[in-house]
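K.L.:
Have a look at the structure that comes next, please.
Throughout, read-outs are computed from the coordinates displayed, never taken from laboratory work. Because the structure is a prediction, the values reported are computed rather than measured.
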Amino acid sequence: MDLQALILSPDAVWKIERAMVGNNESYYLRTKSVALTTLKPAREAVNNGYLKLNDLMLKSLNSIEEELPKLPDNRDRFIELVLPKVRGK
């Protein structure tokens, strides 16, 4: 199975849509919720052998799964954390 096909499958889209619509607190939290929701079917498919990822993609998936939950729930705090990296400081 292809990763894009998996994420765009009706079941995955339904879950992603629910994560998007169900979080009206802020666009930032909505985006974080969608990203976390999108990871779940990808990981399940890899674990079940339905999705084969090359080493680089698997490393990326592992990294995203590890780092995404660590992001703050506050948008301003996120900007404070990221801005120095973007500015190269």
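K.L.:
Between the helical axis of 10-21 and the dominant principal axis of the chain, each derived from Cα atoms, what acute angle in degrees is found, rounded to the nearest 10?
P.N.:
The two axes meet at around 20 degrees.
K.L.:
Output the 0 to 90 degree angle, nearest 10, between the alpha-carbon long axis of helix 55-67 and the longest principal axis computed from the alpha carbons of the chain.
P.N.:
50
K.L.:
In µm²/s, what is D for the chain at 4 °C and 1.567 mPa s, where D = kT/(6 pi eta Rh) by Stokes-Einstein and Rh is the Kirkwood radius from Cα pairs?
P.N.:
The estimated diffusion coefficient comes to 90 µm²/s.
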